[in-house]
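A short worksheet on the structure shown next.
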Amino acid sequence: MTKILKQGINQNLDNQILDILLENFRCVKTSKNLVGFLNRFLTPAEQLMIKKRLAIILLLQEGRRTKEIS
């Protein structure tokens, strides 16, 4: 798992990063665009983590119990 430093970044840099991220989100219009976006911004491990989180949401919406999901 990736080690994350607890120290944050300054607000100005944070705002710039969010603007860049939002601009890239706006370019995602197809599955192919989404794959390219994910590959630019996330490692394979990070992508897998997001997919697993989304799978949990889907399973909970289907009525599965948390014990069953784990």
Nearest 10 degrees, 0 to 90: helix 31-41 Cα axis against the chain principal axis: 60
Rounded to the nearest 20 debye, dipole of segment 11-69 from Cβ charges on Lys, Arg, Asp, Glu: 340
Pairs of Cα atoms farther than 19 Å apart, segment 11-69, %: 51
Furthest towards positive pole of dipole, LEU58, SER31, ASN10, structure part the chain, Cβ charges: LEU58
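The numbers here are math on the coordinates, done by the rules we state, and not lab data. The shown structure was predicted, so the numbers you read here are calculated from the model rather than taken from an experiment. Don't worry about glycine lacking a Cβ; one is built from the backbone with ideal geometry, like all the others, and counts go over all protein chains shown.
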